[in-house]
Amino acid sequence: MNALPDFRLFRPASAGEAVRLNTAHASSRFIAGGTDLLPNIRRGLFNPAVLIDLGGIPEMATITESADGLRIGAGVTLAKLAVDPRVVARLPALAQAALAVAGPTHRQSATLGGNLCLDTRCRYYNQSEFWRDSIHHCLKLDGDTCRVAVKSKRCYAAFSGDVAPALIVLGAEVEVLGEKGARRLAIADLYADDGMAWLTLKPDELLVAVHVPFDDAWTSAYEKMRIRGSIDFPLAGVSVALRRDGANIGGLRIACTGVASRPFAVDGLDVIAGKLFDAAAQTIVAECVDLANRSMKTTLVDALFRRNVTPVLARRLAQRLWNGA
Ligand SMILES: Cc1cc2nc3c(=O)[nH]c(=O)nc-3n(C[C@H](O)[C@H](O)[C@H](O)COP(=O)(O)OP(=O)(O)OC[C@H]3O[C@@H](n4cnc5c(N)ncnc54)[C@H](O)[C@@H]3O)c2cc1C
Ligand code: SF4
């Protein structure tokens with residue numbers, strides 16, 4: 001890795017000031033915990049002249065409760081999120097996903113906003129400058145060919161943040177602030193299926209907070225498959241939320257990460273609502289997840305493994321929630 005290049009650092013005291021600074025400086029980046037951004041700068045993936053540190057903005061650092069649910073500031077650390085008693089008790093998928101990110105020392109600095117805005121990953125991209133030079137780079141940065149799919153005009157780098165799928169199944173919304181004011185959008189709409197342009201945030205926009213509704217009729221969970229159990233990005237990550245209606249399934253939501261350029265909700269699950277969670281329902285779950293999976297050879301592990309393991313994770317989690325609900 002390279003040494004860190006020189007940059008100017010600003011430390012705004014409000015979200016509005018952070019947005020203004022970002023607009024005023026063409027080559028700028030927001031920095032939260034820095035656990036993804038700084039290694040990427042050292043790999044030469046970006047070279048911002050200005051960093052805007054979000055760590056001094058009180059409105060982004062708190063979790064507040066209302067009758068509807070929680071407003072979680074984008075600057076809340078994953079360590080704090082994972083042990084918040086309201087999150088653990090009422091939004092378990094979110095607590096489990098936050099706890100599954102990297103290792104304990106990362107989670108002390110790593111934030112919710114940084115996790116949701118994480119760069120997409122690929123084995124041909126997350127490499128040193130020297131390494132990438134040796135393969136003449138690729139489409140995502142400084143090259144003209146995708147090394148994963150050589151005839152492709154698009155990049156398939158995978159979004160590998162753990163927290164987004166949990167927020168998708170919990171029906172969360174994100175609050176963003178730009179030069180023209182604030183807006184709210186469903187968390188799934190924060191993402192696009194493109195390894196080079198995976199966020200729908202406009203260039204002037206900052207992710208300020210996440211709103212997660214409480215609905216105690218649903219139970220939820222998150223699980224991931226990774227190479228090193230103690231510290232690693234998901235090869236595949238699955239979140240499930242389930243509502244039981246007497247002896248039948250009241251509702252089932254599943255979302256995945258690590259297997260496409262965006263985290264996504266799995267379609268087609270409505271057909272099992274009102275039915276028993278039996279072998280036929282399990283088969284539908286596995287088929288729907290398989291159909292939605294877009295794994296490509298972007299990790300050292302084979303795409304087929306990620307493709308096969310994702311429905312298994314989903315079925316297993318749904319079964320666990322069904323048994324416990
Ligand atoms: C060894 C290692 C293992 C890791 N394992 C995992 C893992 O298992 N799972 C996982 O999900 N991640 C993993 N990560 C990546 C990273 O640590 C986490 O995703 C972390 O949550 C990123 O948050 P951060 O606050 O450090 O983000 P930063 O590094 O500060 O920022 C990440 C990106 O988000 C942008 N950004 C930050 N905040 C905002 C905001 N509020 N609005 C708009 N843009 C913003 C930054 O400009 C940057 O582009 C790992 C990293 C390392 C080094
Ligand atoms: S998917 Fe292709 S273009 Fe995207 S980072 Fe990997 S090799 Fe590069």
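The values are calculated or read from the model by the stated rules, or taken from the named source; none is laboratory data. What you are looking at is a predicted structure, and each value in this text was computed from that prediction instead of being measured. So basically every Cβ, Gly included, is an ideal-geometry build from the backbone, and we count neighbours across all protein chains shown.
Just checking, does the stretch 111-121 include any residue being farther than 19 Å from GLY44 by Cα and within 16 Å of ligand 2 (Cβ to nearest atom)?
No, the stretch 111-121 contains no residue that is farther than 19 Å from GLY44 by Cα and within 16 Å of ligand 2 (Cβ to nearest atom).
Is it the case that the stretch 307-314 has a residue that's of a type in the set (Gly, Ala, Ser), under 22 Å from ILE249 (Cβ atoms) and at pLDDT below 95?
no
Out of the residues in the stretch 189-213 that are farther than 18 Å from ASP119 by Cβ and not in a loop (DSSP other than H, G, I, E, B), state the one that is nearest to ligand 2 (Cβ to nearest atom).
So the residue we want is ASP189.
Sort out which residues of the stretch 142-188 are buried (at least 17 other Cβ atoms within 10 Å of the Cβ) and basic (Lys, Arg), and write them in order of number.
ARG147
List pairs: first in the stretch 98-117 and of a type in the set (Lys, Arg), second within 6 Å of ligand 1 (Cβ to nearest atom) and part of a loop (DSSP other than H, G, I, E, B), Cβ under 8 Å, 6+ apart or cross-chain?
Pairs found: ARG107/VAL101.
What pairs can you find where one residue is in the stretch 143-158 and within 16 Å of ligand 1 (Cβ to nearest atom), the other is outside any loop (DSSP other than H, G, I, E, B), and their Cβ atoms are less than 7 Å apart, with a gap of 6+ or different chains?
ALA157/ARG121; ALA158/ARG121
Out of the residues in the stretch 122-141 that are of a type in the set (Lys, Arg) and assigned to a loop (DSSP other than H, G, I, E, B), which is farthest from ligand 2 (Cβ to nearest atom)?
So the residue we want is ARG123.
I'd like to check which strands (runs of 3 or more DSSP E) are fully inside the stretch 214-325 and have at least 3 residues that are small (Gly, Ala, Ser).
236-245, 248-257
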